[in-house]
């Protein structure tokens, strides 16, 4: 059963194994920044502490601090990916980044995990007062575009940004009452 959980040292071994699956180490929505260390439990705990701080320095966009909620996508004791909800958008984020970023470890892709995780985070976005959320993906990232569209994403445009050509989608949250948050995240679900 899939679940969204707050980052915890419980998944250290599985998280490190997953990180090795990315050739360049970059994972959208994970909060990794240059210089972060993960090898020892102590390093991992320190990183998690920073991730869960309300004022995480990694959330500086153009010198503006942005509050974010971060969750890990897990199945039993296995880390499958991460999803991040940014509570506000700076002008740069409005242009190229959006409210939500997510990543799925390569060996867990094509199983519906990203689609499930995006659906599970939407009630949380409603709960913090957002009426709609912006998601972006690279123009050629058709799996991500499909994930967004399955979850109600409506394409606003495709535009050149500082981060390359991006597809920009909006998801209306009127169908996600805030009382679904705990049910969606803790109940989990089965991805195909």
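Only the coordinates and a few stated rules stand behind these numbers; no lab work does. Computed from a prediction, not measured in an experiment: that's the story for all the values here. Note: ideal-geometry Cβ built from the backbone for every residue, glycine included; neighbour counts use all protein chains shown.
Using per-residue counts of other Cβ atoms within 10 Å, averaged over each peptide, order 94-101, 72-79 from highest down.
Per-residue mean Cβ counts within 10 Å order the peptides as 94-101, 72-79.
Go through 166-173, 109-116 and give me the packing order, highest mean Cβ count within 10 Å leading.
The densest-packed peptide leads the list: 166-173, 109-116.
Calculate, for residue 36 and residue 160, the FRET efficiency according to 1/(1 + (r/R0)^6) with r their C-beta to C-beta distance and R0 41 Å; round to the nearest 0.05.
After rounding, the FRET efficiency stands at 0.85.
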